[in-house]
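Read the structure below first, then the notes.
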Amino acid sequence: MIYLPKHYGTCFGSNRAIEIAYANKNQNACIYKEILHNEELIKDLEKNGIKCENEIKKDKKIIIRAHGESLETFEYLDNNNIEYIDATCPNVKKVQKLIREHFVW
């Protein structure tokens, strides 16, 4: 017997990032790193002209993945005037903010 959970699939933050990626398919954009760990999704995005890149391309609009990025990455993008869209999941952003507020390293 196979049991399926009541709720499964991607969360709202992931769905939001996916929608942002597809909405930018004709905008000379690429996703920095893997948008999600989903090979089928990545292949479909590539078919639609959106690649996941492991390096920041200065000549493309960068889409930040659902998992977010470090402050250093955002500083690099800002300091180099690289256009980007932050598709970080709102829940991830909330956790990152709490960590910055409570821990200093």
Please specify each residue of segment 64-78 satisfying the condition of being without any contact (Cβ under 8 Å) to a residue 40 or more places away in the chain and not polar (S, T, N, Q).
-> Ile64, His67, Gly68, Glu69, Leu71, Glu72, Phe74, Glu75, Tyr76, Leu77, Asp78
Restricting attention to segment 55-67, does a residue exist that is under 19 Å from Lys94 (Cα atoms) and not hydrophobic (A, V, I, L, M, F, W, C)?
-> yes
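Looking at Asn38, Asn48, which one is more than 16 Å from the chain's Cα centre (by Cα), closer than 16 Å to Ala17 by Cβ and modelled with pLDDT under 95?
One residue alone meets the criteria, Asn48.
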Unique residue being among the basic types (Lys, Arg), touching a helix residue (DSSP H, G or I) at 6+ places or on another chain (Cβ under 8 Å) and free of Cβ contacts under 8 Å to residues at least 40 places away in the same chain when the list is Lys47, Lys61, Lys6, Lys51 | Lys51
Listed residues Lys60, Lys33; which is of a type in the set (D, E, K, R) and under 12 Å from the mean Cα position of the chain (by Cα)?
-> Lys33
Members of segment 79-99 found to be of a type in the set (D, E, K, R) and in contact (Cβ under 8 Å) with a residue 12 or more places away in the chain, listed by number | Glu83, Asp86, Lys93
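The values are calculated or read from the model by the stated rules, or taken from the named source; none is laboratory data. For clarity, every value in this text was computed on a predicted model and none was experimentally measured. Note that each Cβ is placed from the backbone with ideal geometry, even for glycine, and that neighbours are counted across all protein chains shown.
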